[in-house]
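Data block below; observations after.
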Amino acid sequence: MASLRLEAFETPLLEPIDLQVADGECISLSGPSGCGKTRLLRAIADLDPHQGEAFIDDSPQSSMSAPTWRSRVGLLPAESFWWANRVGDHFTDMQDPLISDLGFDQACQSWEITRLSSGEKQRLSLARLLLNRPQILLLDEPTANLDQSNSTRVESRIEAWRRRHRSAVIWVTHDQAQQARVANRHFQIKAGKLQEQVWN
Amino acid sequence: MELIQLSAFDLALAACLVIALAGLSVALSLGIERKLLIAATRTVVQLTLLGLVLKVLFVQSHPLLISLLALFMLLVAGYEVMARQQRRFAGIWGMGVGTLSMFISSFSVTLLALNLIIQVEPWYSVQYLIPLLGMLLGNTMSGIAIALDNLTHNAWQQRGQIEARLMLGHAWQTAIQEIRRTALRSGLIPIINAMAAAGVVSLPGMMTGQILAGSPPFEAAKYQILIMLLIAAGTGFGATAAVWIGSRRLFDERQRLRLDRLQDTG
């Protein structure tokens, strides 16, 4: 159970942001490409320098070491990267039901990374992230490379995670139907400002 | 055996060969004749100057003058390391990483050799100190330049992989460890190859020099062995220091990968 709060949080392209995402809440984030969505997520994960403060519940980012913060605030980037040759080298436990929930079986351990499709990479990268047990999820277009059935599978897996662990989730997506399905509140970046959208 | 003195005419004959090579470069449009001639001129000027400076120092071996020469050699080596980097650290770190690492390794190995192994009296005797330091600096310079270039090149290429690990909460040392190892290996391979080929394929320069000057070949061989081993140690420790300092500098206090600290020199 964890909430995320940003206070006067400032990244290069955006005006300072104050934002509260409650525990178990998912907000959607959209905006034209290049507007600073990815940069915002990277700054929240403390991968880029930024101003202001971020909190998990009441613990500020600056009070914990960067590795601790990043393992608690899990960022799923739009493009996944792999540092070893085989899938299994990136996981400590591939027995977890999460692997099969995302449509893989044990055999995938020995698969070579270079032979994975972009959709397989995206789902395995989600598995890698969730098995790291983050408390907050920052998702950068997690279904961009997926077909309809895998997209549904990923959505329901994240939904189940959010309900079970009561994680705060920020979900970047351009797909309005998806925004409506996954998120309770909707935000948009327009001209360097983060604005909450009111849907009727 | 007396050393046969070389006349200016002898050197001019050798220079003609290089000029002929430059002519060949023009004929084949290699476009390298300018660089070749500049480098050859530098060799002539620099070595002549060094000969003159050492001549003075041999007469007047004041420790301060010797330190000045050693410092000058270190700074030039530091500059050379920087100049060989495609992506070098911005600001003072560009020259600082290499210079500091060479200072740590070359100077301490030279001091160790002078005091404990050769046991020269006094240890700052120009005849031993400057050639030894020069050989060490020259060789560690190459090793460090290769290792650092490899480090920054791979960190740039594999930024995604490094950050993928940071995102999962891995420490910066874990995220860069494989790149560090590769960089260190690449810096050590030239000296390992040189040691493997020494005496079989190549007759090392210092031993050649001593033999030409009339030293007994077996004494010359012992000195060459000593130098090779010292160079290997100096290069290894120097490259380790450079890769360690350089990789630390790639990350900031929040363990973020800061490639903006590198500047591309094209």
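Coordinate-derived values only; no laboratory data. Owing to the predicted nature of the structure, the values given are computational and were not obtained by experimental measurement. Counting neighbours? That spans all protein chains shown, and the Cβs are built from the backbone with ideal geometry, glycine included.
With each label point set 7 Å from Cα along the Cα-Cβ vector, what nm distance links A:Met64 and B:Arg185?
If labels sit at A:Met64 and B:Arg185, their model points lie 3.6 nm apart.
Among residues other than A:Asn85 whose Cβ falls under 11 Å from its Cβ, what is the net charge (Lys/Arg +1, Asp/Glu -1)? Walk me through the numbers on the way to the answer.
Values: positive: A:Arg86, A:Arg115; negative: A:Asp89, A:Glu112.
Cβ neighbours under 11 Å give a net charge of 0.
Taking R0 as 22 Å, what's the FRET efficiency between A:Ser110 and A:Ser156 from their Cβ-Cβ distance, rounded to 0.05?
For R0 = 22 Å, the calculated efficiency reads 0.20.
Work out the FRET efficiency for B:Asp10 and B:Trp244 from their Cβ-Cβ distance, taking R0 = 56 Å, and round it to the nearest 0.05.
Details: r = 47 Å, r/R0 = 0.83.
That gives a FRET efficiency of 0.75.
If you average the alpha carbon positions of region A:98-128 and of region B:117-176, how far apart do those two centres end up, in angstrom?
Rounded to whole Å, the Cα centres lie 38 Å apart.
On average over all directions, what projected area in square nanometres does chain B have, based on the convex hull of its Cα atoms?
The directionally averaged projection comes out at 17.6 nm².
How many partner chain Cβ atoms sit within 10 Å of a residue's Cβ in peptide B:78-89, on average, as a whole number?
Values: counts 0, 0, 0, 0, 0, 0, 0, 0, 0, 0, 0, 0.
For peptide B:78-89, the averaged partner shielding equals 0.
Given R₀ = 45 Å, FRET efficiency for A:Ala78-B:Ala83 by Cβ-Cβ distance, to 0.05?
0.75
When chain B is treated as a GNM, springs tying every alpha-carbon pair under 10 Å, which of B:Arg42, B:Arg181, B:Arg84 comes out with the largest mean-square fluctuation?
For chain B, modelled as a Gaussian network with Cα springs under 10 Å, the answer is B:Arg42.
What lysines does A:Lys37 reach when the alpha-carbon gap must be under 23 Å and sequence neighbours fewer than 8 apart in one chain are set aside?
Within reach: A:Lys121, A:Lys190, A:Lys193.
Any idea how far apart B:Val59 and B:Leu3 come out in nm if each label point goes 7 Å out from Cα toward Cβ?
Between B:Val59 and B:Leu3, the label points sit 1.8 nm apart.
Report the gain in length on full extension from B:Asp264 to B:Ala90: 0.36 nm times residue separation, minus Cα-Cα distance, nm rounded to one decimal. Walk me through the numbers before you get to the answer.
Working: separation 174, 0.36 × 174 = 62.64 nm, distance 0.92 nm.
Length gained, B:Asp264 through B:Ala90: 61.7 nm.
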